[in-house]
Structure formats: structure tokens, C-alpha cells
Amino acid sequence: RWSMVAALGVEGYSAVRVVPGSVDGDEFFDFIVADLPTMNPFPGDRSVIVMDNCAIHKSKALKEV
């Protein structure tokens with residue numbers, strides 16, 4: 001079994017990661033920090049990330065980043 005996590009913007013995919021098994025909180029955090037293009041301060045371009053309420057999206061470390 002494989003899982004995929006991706007970042008999608010108006011210009012298409014900006015980052016994709018495929019991992020064996022499930023994506024856990026550590027893997028998701030690493031994806032955001034290492035693979036996602038640089039974010040900008042709000043309200044600039046690339047300043048908003050939209051996520052659902054999945055538990056791996058709610059870590060304290062991720063909120064600080």
C-alpha cells in the first residue's frame with residue numbers, strides 16, 4: 001500500500017510525496033517543511049494553506065511553522 005500527499009495551487013501541483021504505508025504526522029510535517037515551496041506572509045501570494053480536519057494536520061509544531 002502506498003499513500004500520496006500533495007500541494008495543489010492555481011498553477012498546478014507544487015509538491016508531491018509518495019510514501020509506503022500511511023502518511024503520519026511526522027511525515028506530513030516533513031512534507032510541509034521540506035517539500036512545500038516557500039510560503040509568504042498573509043495576504044501575499046502563496047500565503048494560505050487549506051487543510052481538512054485530519055489529525056495529522058493539527059500538530060503544535062506544524063502550527064508554529
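The values are calculated or read from the model by the stated rules, or taken from the named source; none is laboratory data. These numbers were taken from a predicted model, which means no experiment stands behind them. Note that each Cβ is placed from the backbone with ideal geometry, even for glycine, and that neighbours are counted across all protein chains shown. Heads up: the accessible areas ignore ligands, DNA and RNA and are worked out on the full protein's heavy atoms, side chains in. Shrake-Rupley method; radii C 1.70, N 1.55, O 1.52, S 1.80 Å.
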* Asked: Which of the residues belonging to region 55-65 are assigned to a helix (DSSP H, G or I) and surrounded by 14 or more Cβ atoms within 10 Å (Cβ to Cβ)?
  -> 56, 57, 62
* Asked: Any idea which of 5, 16 is open to solvent by 60 Å² or more (accessible area, probe 1.4 Å) and assigned to a strand (DSSP E or B)?
  -> 16
* Structure fact -> Filtering region 19-48 for residues that are closer than 15 Å to residue 5 by Cα, out of contact with any strand residue (DSSP E or B) (no Cβ under 8 Å at 6 or more places or on another chain) and outside any helix (DSSP H, G or I) leaves a count of 1
* Exactly one condition in (1) assigned to a helix (DSSP H, G or I); (2) open to solvent by 90 Å² or more (accessible area, probe 1.4 Å) is not met by residue 52; state its number. => (1)
* Of the numbered conditions (1) modelled with pLDDT under 90; (2) surrounded by 14 or more Cβ atoms within 10 Å (Cβ to Cβ), residue 29 fails exactly one; give the number of that condition. => (1)
